[in-house]
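Computed from the coordinates by the stated procedures, all read-outs in this text should not be read as laboratory data. Predicted model, so just to flag it, every value in this text is computed and none were measured. All Cβ positions, even for glycine, are placed from backbone atoms using ideal geometry, and neighbour counts span all protein chains on display.
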Amino acid sequence: MGLDFSLTKEQEEIRQLAHEFAEKEIRPNADYYDEHEETPWDIMRKAHELGIGANAAFPAEYGGGGVDFVSELIIQEELSWGDAGTAVAIMASGLAGAGIVAMGTEEQKEKYIGMLCDPKELRLAAMGLTEPSSGSDSLALQTSARKVDGGWVLNGTKQFCTNGGIADIQVVFANTDKAAGPAGIAGFVIEKGNPGMRQGRKERKLGVRASHTAQVIMEDCFVPDDAMLGRDKNGEMTGPGAVGAMLMLEATRPAIAAGALGIARAAFEYARDYSLEREQFGKPIAKHEAIAFKLADMATEIDAARLLTWRAGWMVENNQPFARGEGSMAKLFAGDVAMRTTVDAVQILGGYGYIKEYPVERFMRDAKIYQIWEGTAEIQRLVISRYVLGERKAAPRRDMAKAS
């Protein structure tokens, strides 16, 4: 049989573990962390110890769980079902880690991924690509890296960094030679405590408020040669540089789709259950077609989003190229579904949906960022259009997406 939509026994066990964790540890605390915009350190540590944090998908040879990419997507969905902000806090180190796995030397991977997988201590990573003046145009970054004896001196500001300022390691992209264009962009790993790096403004956000987001400022920040990603002992670049930054974002988009999917599912389930209990005009509102049809559309779109997301995950796991922008398709559709579903959930609850006593207003606030980060919905459409029009041909390496 050519197609099989069932989960393996191991994947089902992972799903159950992540779901129970989300139900027992994340959901009871979601309102508190959303209201106070605090980092949920205790929950993050518990997830790390269970092996369902960012460490789940890091390669086993560096201490990670080595789960397949579809399993990682399952974890992302279940944790986000619990609370998107907390899920981001738990999993955010995966993006920077994916860059290290993809672009780093063997020594760098052993050192930095090993740090993130230490079973005795939770350590965080952050990725710095976006800047105050460059968002969607990622390669227009202004952060500079000037060569000096024994390393590089970085100057610049990174914007909207998840874990920025609290991370143990920060992966930063900088221009080593502006005249070289994209070829002059390289990645660097900056460790916590570097006197040339500091946290700037901590952002106050509409949603995913349990996740720490801040500027990272580098002022004459010295980084040794061996912390430049993909540079061998002879000083030659072995990694993909700026191309790596773009492929990293493209390959990790299915994981963002899975997070959006978790929010959508949570909103749908809450609205469905509410509509079966709430009575108007002598019967549950679920029995009115205006509501029933909304629920039908929500359920259909969620299933479609999951199929796109799992297909992209299967492609990554089997080293199949995203020949038509399948990763972007998953993120685009799932992000839009999350937004539509949460808005409809608020509508189904009516006035109750608009107050904080009920979680659907939080779901709606959380959903919006999934149409923005790691490539806006408009950028996803641009990427997909270039593939389907034959203007672009590229394939992410399998290890780009792992541990995203």
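Summary table
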| quantity | calculated |
| --- | --- |
| Computed E for residue 178/residue 35 - FRET, C-beta separation, R0 51 angstrom, nearest 0.05 | 0.70 |
| Per-selection metrics, the chain (Cα): Rg and Dmax in Å | 21.1, 80 |
| Spin-label pair residue 204/residue 149, simplified geometry with 7 Å Cα→Cβ offset, distance in nm | 4.8 nm |
| Crossing angle, helix 93-103 versus the chain [Cα axis fit, 0-90 degrees, rounded to tens] | 40 degrees |
| Alpha-carbon radius of gyration plus Dmax, which is the widest Cα pair, for the range 125-227 in Å | 13.2, 44 |
| Among 366-373, 177-184, the order from most to least packed when residues are scored by Cβ within 10 Å on average | 366-373, 177-184 |
| R0 of 35 Å, Cβ-Cβ distance residue 386-residue 5: FRET efficiency to nearest 0.05 | 0.75 |
| Members of 9/192; 9/356; 46/158; 46/205; 46/356; 9/331 lying beyond 31 Å, as alpha-carbon distances in this model show | 9/192; 9/356 |
| FRET E, pair residue 293, residue 24, Förster distance 30 Å, beta-carbon r, rounded to 0.05 | 0.30 |
| Nearest 10 degrees, 0 to 90: helix 241-277 Cα axis against the chain principal axis | 20 degrees |
